[in-house]
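Have a look at this one.
The values are calculated or read from the model by the stated rules, or taken from the named source; none is laboratory data. Since the structure is predicted, the reported quantities are computational estimates derived from the model, not experimental observations. Counting neighbours? That spans all protein chains shown, and the Cβs are built from the backbone with ideal geometry, glycine included.
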Amino acid sequence: MKSHVFSSLAACALIFTLGLSATESAHAQSIDDITLNVYKEVTCGCCVGWIAHIDERGFDSTVFHPSDIYAVKEELGVLPKWQSCHTAVSKDGYLFEGHVPAKYISQFLASPPANALGLAVPGMPMGSPGMEMGARFNSYDVILMKKDGTSEVYATVKNQAEQY
């Protein structure tokens, strides 16, 4: 796995600040240069599964374990209705909350919608990346989070095959 773990709050604060001050450019990123800073709790195993999912699909991840994950989410603007167990931040400051499939992250970063904060898969849907349980699967929506606090459905995932 390409992930690197830093538990230092200083490193977390530095990367967090860089993510917040990132430019709001609408240019597309190449999959070759996408590093996601992932904020998660130390003990979360499904987060590790999701990180493996994105890393296996060409992303690179750097993992941080903040002492208060919900303070990080609040600071970034992830509303409670969008929250899940982990939050990833791209170099351009876009957020990916929860078990968002790599396929949709790539699609989003290739052409970020205006006023977009990022994508979210609220909760922890069974069968989503990192939440695999054999053939068990619950369909779920990938939500487009907007900077003004509104949201809309970005994609609906009806079966496991659609998320890869």
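Report, ordered by the first and then the second residue, all pairs with beta carbons closer than 7 Å, sequence separation of six or more or different chains, a first member in the stretch 146-164 that is within 21 Å of Asp55 (Cβ to Cβ), and a second member that is of a type in the set (A, V, I, L, M).
Val157/Val142; Gln163/Val157
Sticking with this structure for a sec: Please specify each residue of the stretch 152-163 satisfying the condition of being loosely packed, with under 11 Cβ neighbours inside 10 Å and either in a strand (DSSP E or B) or within 17 Å of the chain's Cα centre (by Cα) (or both).
Listed by number, the residues that qualify are Glu152, Val153, Thr156.
Under 9 Å by Cβ, and 6 or more places apart or on different chains, what pairs join a residue from the stretch 38-62 that is free of Cβ contacts under 8 Å to residues at least 60 places away in the same chain with one that is surrounded by 16 or more Cβ atoms within 10 Å (Cβ to Cβ) and basic (Lys, Arg)?
Pairs found: Tyr39/Lys73; Arg57/Lys103.
I've got another one for you. If you go through the stretch 98-135 one residue at a time, how many are among the small types (Gly, Ala, Ser), at negative phi and surrounded by fewer than 23 Cβ atoms within 10 Å (Cβ to Cβ)?
Qualifying residue count for the region: 7.
Can you find, within the stretch 111-151, the residue that is modelled with the lowest pLDDT among those that are in a strand (DSSP E or B) and over 22 Å from Arg57 (Cα atoms)?
Applying the filter and picking the extreme gives Arg136.
Tally the residues that are in contact with a Ser or Thr (Cβ under 8 Å, 6 or more places away or on another chain) and hydroxyl-bearing (Ser, Thr, Tyr), restricting the search to the stretch 46-85.
Result for the stretch 46-85: 2.
Oh, and also: Is there any pair linking a residue in the stretch 83-101 that is assigned to a loop (DSSP other than H, G, I, E, B) and aromatic (Phe, Trp, Tyr) to one that is surrounded by 24 or more Cβ atoms within 10 Å (Cβ to Cβ) and modelled with pLDDT of 95 or more, with Cβ under 7 Å and at least six apart or on different chains, and which?
These pairs meet every condition: Tyr94/Gly118.
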